[in-house]
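The values are calculated or read from the model by the stated rules, or taken from the named source; none is laboratory data. Given the structure is predicted, the values throughout are model-derived calculations rather than measurements. Cβ: placed from backbone, ideal geometry, glycine included. Neighbour counts: every protein chain shown.
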Amino acid sequence: MQTTGSAAGEIAAFSHRIIDNVDRVIVGKRDVTELLLVALLCEGHVLLEDVPGVGKTTMARAVARSIGGEFKRIQFTPDLLPSDISGLSYFNQKHGEFLFRPGPVFTNVLLADEINRATPRTQSALLEAMEERTVTIEGDTMVLPRPFLVLATENPVELEGTFPLPEAQLDRFLLRIAIGYPDADQEDEMLVRLQHQHPLGSLDPVVTPDDLLAASEGVRAVHVEPDLRRYLAGLTRATREHEAIELGVSPRGTLALFRATQALAAVRGREYATPDDTKLVAAAVLNHRILLSPEARLRGRNVPGILNEIVESLSAPVERV
């Protein structure tokens, strides 16, 4: 089953409304916003990892405002408790019974700011929510609202007072993205825009959560040729067999690459995916799911370089005439 041309066009128009809206706040990072749209359309979570001051939190807030719905933010600190995320049951003396007070995880968009500053025990409180879209407290399982998206930020440079995210939690993020520094013209434009007021203050939603859910359903109909499906699965299998990699991409990562390939094709207005779609999302989908061997790290090798080697070594399928 393939999407119709009109459905593909509607998803592309939906995506560009959000990209244009975010572009009012974040200058010159449309490619990053496009990847965020890929995650939104897959109902996947995003880890924004970069140095301080490049706009990670601002971009997350701009995306959240653009899609409407309920937005909540948690500032992760070492003293944060799991109940501060999921909620807790307390005894109400007036009613003589235990009541549940929902935590900030009960929302549409959750901004987990500086997620690596919380202890592993607190970080693990997000695992069930991110994977199952549920929260279990004292034996009771509660379903989170849809859409439910975690936009987490992380500073990879400052290590003091931080706790690295375990591989199990990293695997729950669909994408890991770095925003990067602006160029000279973009930085000048940023100063012009922020001279009088921050544009985030006047940013309004341009779509609704229901629009997002409808677009997400449409993405699943994007056609992926069997040859392309085997190609992207071959990319992830190659990470498990590479001599420099101790832990390769899991089957969850293969599915994430498949969904992201479909979503990027939809964002660009096509009802079919291409090998270029897979190549463009591969780094963001796979880089945080790979653990290098100690020997490879000692030799100065890095995950982006090895991923590039793998992509270049595999022959991409060609269009059949």
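Here are some notes:
- Count of the range 188-212 residues, restricted to those that are hydrophobic (A, V, I, L, M, F, W, C), part of a helix (DSSP H, G or I) and within 15 Å of Gly55 (Cβ to Cβ), is 3.
- Meets criteria (of a type outside the set (Lys, Arg), outside any helix (DSSP H, G or I) and within 22 Å of Pro182 (Cβ to Cβ)) for Val51: yes
- The range 3-29 - residue that is modelled with pLDDT under 90, of a type outside the set (D, E, K, R) and under 23 Å from Leu194 (Cα atoms) and, of those, surrounded by the fewest Cβ atoms within 10 Å (Cβ to Cβ): Gly28
- Arg259 vs. criteria within 14 Å of Val38 (Cβ to Cβ), part of a loop (DSSP other than H, G, I, E, B), of a type outside the set (S, T, N, Q) and modelled with pLDDT of 90 or more: no
- Residue under evaluation Val32, criteria (1) at pLDDT 90 or above; (2) surrounded by fewer than 18 Cβ atoms within 10 Å (Cβ to Cβ); (3) closer than 30 Å to Glu187 by Cα, criterion not met: (2)
Residue-by-condition table, conditions (1) in contact (Cβ under 8 Å) with a residue 60 or more places away in the chain; (2) over 25 Å from Ile67 (Cβ atoms); (3) in a loop (DSSP other than H, G, I, E, B); (4) out of contact with any strand residue (DSSP E or B) (no Cβ under 8 Å at 6 or more places or on another chain):
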| residue | (1), (2), (3), (4) |
| --- | --- |
| Ala214 | no, no, no, yes |
| Glu217 | no, no, no, yes |
| Tyr231 | yes, yes, no, yes |
| Gly234 | yes, yes, no, yes |
| Ala238 | yes, yes, no, yes |
| Val249 | no, yes, yes, yes |
